[in-house]
Amino acid sequence: MKIEHFALNVEDPIEMAQWYTKHLGLKIVRQLKVAPFTAFLADDSGSVMIEIYRNPSDEIPPYQKMNPLLLHLAFVSESPELDKNSLLKGGATLETEDYLEDGSHIIMMRDPWGLAIQFCKRGKPMLSKRESK
């Protein structure tokens, strides 16, 4: 099995999609301009997406109040310090910044809607690209 997408019920999917494309480089693959305003956002690999929408059939989680270790969206970052500074200017907030013994640099932030977003520069990559068969 391969992950296609991970979905989140959010307060403002239209603004959030714009912020994620502008500040994180995600690309909108599909977007509805009417309720529930679903947007599928792909990373630069073109193989993983997040889906965001505002679906009133269930509550929107209180992302701002949730411990980031409960739920966070993690990105690979080649320059965590530069990414942190850019995102702070874009409206994100800093939660934690850690340097691990293996050489990893991990930054936990929150987007403007309170969702925890993490930026990882691993001392040793955890995943390697596999050749297509």
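The values are calculated or read from the model by the stated rules, or taken from the named source; none is laboratory data. Because the structure is a prediction, the values reported are computed rather than measured. Cβ: placed from backbone, ideal geometry, glycine included. Neighbour counts: every protein chain shown. Each accessible area value is taken on the protein alone, full model and side chains, heavy atoms only, with ligands, DNA and RNA left out. Shrake-Rupley method; radii C 1.70, N 1.55, O 1.52, S 1.80 Å.
Summary of values
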read-out: Sites ARG30 and LEU100 - FRET efficiency at Förster radius 35 Å, r taken between beta-carbons, to 0.05; value: 0.45
read-out: Stokes-Einstein D (µm²/s) once Rh is taken as the Kirkwood radius of segment 1-40 over alpha-carbon pairs, at 37 °C in 0.692 mPa s; value: 301 µm²/s
read-out: Relative contact order, percent, the chain [alpha-carbon distance under 8 Å, six or more residues apart]; value: 20 percent
read-out: The chain: calculated mean residue ellipticity at 222 nm from DSSP helix runs of at least 4, using -39500 (n - 2.57); value: -5000 deg cm²/dmol
read-out: Accessible area in the full protein assembly, largest first, 1.4 Å probe, for TRP113, TRP19; value: TRP113, TRP19
read-out: Restraint check, LYS89/LYS124; LYS89/LYS121; LYS84/LYS124; LYS33/LYS65; LYS27/LYS65; LYS65/LYS124, Cα-Cα greater than 25 Å; value: LYS89/LYS124; LYS33/LYS65; LYS27/LYS65; LYS65/LYS124
read-out: ³J(HN,Hα) computed for each position of segment 97-107 - Karplus, 6.51 cos²θ - 1.76 cosθ + 1.60, integer Hz, glycine/proline x; value: 9, 10, 10, 9, 4, 7, x, 6, 10, 10, 10
read-out: For segment 4-18, Karplus couplings with θ = phi - 60° (6.51, -1.76, 1.60), whole Hz, Gly/Pro x; value: 8, 7, 10, 9, 9, 8, 10, 5, 9, x, 5, 5, 5, 4, 5
read-out: Segment 55-133: relative contact order as a whole-number percent, Cα under 8 Å and 6+ apart; value: 32 percent
read-out: Long-range Cα-Cα pairs in segment 16-103 (distance over 18 Å), rounded percent; value: 57 percent
read-out: Angstrom value of the Kirkwood radius, inverse mean 1/r, which spans all Cα pairs in segment 1-67; value: 12.4 Å
read-out: HN-Hα J in Hz across segment 23-32 - Karplus 6.51, -1.76, 1.60, θ = phi - 60°, x for Gly and Pro; value: 9, 10, x, 6, 10, 6, 8, 8, 8, 9
read-out: The chain - accessible surface per residue (Å², probe 1.4 Å); value: 68 Å²
read-out: Overall dimensions of segment 62-116 by Cα: Rg and Dmax, Å; value: 11.3, 33
